[in-house]
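Below: one structure, written as structure tokens.
The values are calculated or read from the model by the stated rules, or taken from the named source; none is laboratory data. The shown structure was predicted, so the numbers you read here are calculated from the model rather than taken from an experiment. Here the Cβ positions follow ideal geometry from the backbone for every residue, glycine too, while neighbour counts run over all protein chains shown.
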Amino acid sequence: MNNPSAFVHPDAKIGQNVVIEPFAYVDKDTEIGDGCWIGPNACIWEGSRIGDNCKIFAGAQISSVPQDLKFAGERTLTIIGKNTTIREFVTISRGTSHRKQTVIGEHNLLMAYVHVAHDCILGNHCIVSNSVQIAGHVSLGDYVIIGGTAAIRQFVKIGAHVMIAGGSLVRKDVPPYVSAAREPLSYSGINAIGLRRRKFTTQELNNIQEMYRIIYLSDLNISKAVEKIQSDFKSSTEKNLIIKFIQESERGIMKGIE
């Protein structure tokens with residue numbers, strides 16, 4: 001149901017049982033899935049692809065023009081996965097020629113005043129708290145939680161199941177399964193509470209903790225720590241993900257406890 005005061009471009013593709021509230025704006029070249037709710041004064045700009053059952057609150061800006069001086073008007077997208085909630089005044093920029101799309105996964109919550117810049121990729125089941133600022137080309141794994149007012153530098157990668165404290169400045173990659181806090185951002189243990197909530201076993205938690213003790217609490221450098229983990233631990237999803245993340249990190253991973 002479209003409110004008469006909302007603008008919906010005739011070329012927009014609107015699913016079934018969609019509610020578009022007063023003064024919302026839906027541009028050309030947009031797709032809104034079934035069961036979505038678009039709040040008042042929200043703007044759904046061209047290139048938006050919004051999955052089923054999403055809620056987009058007042059004043060949010062979806063697929064806005066990137067704040068990148070290299071952007072030359074190329075056709076790019078913003079993809080929002082199903083069952084995602086985007087709260088008041090969130091801004092999400094569409095992609096540039098680098099990745100050609102910004103992707104927000106499924107079952108995510110982006111709280112008020114979050115900014116997600118161009119070419120970012122967010123996984124599923126993430127919670128991004130109020131006023132978090134995410135620069136361009138950032139990648140988040142699944143089940144990441146970022147505390148309020150944190151700022152993420154461009155091209156940073158954050159692994160799955162990570163918890164980042166509010167107010168943090170994230171300049172380096174953050175490997176999976178950990179909690180990160182302090183300034184400069186550093187390892188503060190594994191994200192045990194979150195992992196237990198997601199049904200990780202005691203043995204899995206112990207293995208993750210032991211691997212990070214080698215990485216962050218031993219006298220070994222990162223490459224030697226990785227070699228020791230590869231030789232001392234049996235193959236597992238957790239081990240493989242940690243090793244792969246560290247080996248593929250281009251910025252380097254955050255520091256350990258001093």
#### Entry: Criterion (surrounded by fewer than 17 Cβ atoms within 10 Å (Cβ to Cβ) and either more than 28 Å from Gln133 (Cα to Cα) or not aromatic (Phe, Trp, Tyr) (or both)) met by exactly one of Ile246, Ile208, Ile193
Ile193
### Message
I'd like the full set of residues that are touching a Lys or Arg at 6+ places or on another chain (Cβ under 7 Å), surrounded by fewer than 18 Cβ atoms within 10 Å (Cβ to Cβ) and over 17 Å from Ala150 (Cβ atoms), limited to segment 71-118.
### Response
Thr85
### Task
Taking Asp52 as the residue in question, decide whether it is touching a Lys or Arg at 6+ places or on another chain (Cβ under 8 Å), in a loop (DSSP other than H, G, I, E, B) and of a type outside the set (Lys, Arg).
yes
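For Arg251, state whether it is within 27 Å of His118 (Cα to Cα) and basic (Lys, Arg).
Working: within 27 Å of His118 (Cα to Cα): yes; basic (Lys, Arg): yes.
Taking the combined requirement at face value, the residue satisfies it.
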### Query
Quick one: Ala180 ticks every box in (1) surrounded by fewer than 24 Cβ atoms within 10 Å (Cβ to Cβ); (2) assigned to a strand (DSSP E or B); (3) not hydroxyl-bearing (Ser, Thr, Tyr) bar one, so which box is it?
(1)
### Task
Scan segment 213-258 for residues that are touching a residue at least 12 places away in the same chain (Cβ under 8 Å), more than 16 Å from Lys172 (Cβ to Cβ), assigned to a helix (DSSP H, G or I) and not charged (D, E, K, R) and report the count.
6
## Note on the structure
When segment 202-249 is checked residue by residue, the ones that are within 19 Å of Ala192 (Cβ to Cβ) and among the acidic types (Asp, Glu) are Glu204, Glu210, Glu238
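From the list Val19, Val65, which residue is surrounded by fewer than 20 Cβ atoms within 10 Å (Cβ to Cβ), of a type in the set (Val, Ile, Thr) and farther than 21 Å from Ile134 by Cα?
Val19
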#### Entry: Residue check, Thr102 of a type in the set (Val, Ile, Thr), more than 25 Å from Ser179 (Cα to Cα), modelled with pLDDT of 95 or more and outside the structural domain of Leu241 (by TED's automatic domain parsing)
yes
### Task
Only residues that are part of a strand (DSSP E or B) and of a type outside the set (S, T, N, Q): list them for segment 183-209, please.
Tyr187, Gly189, Ile190
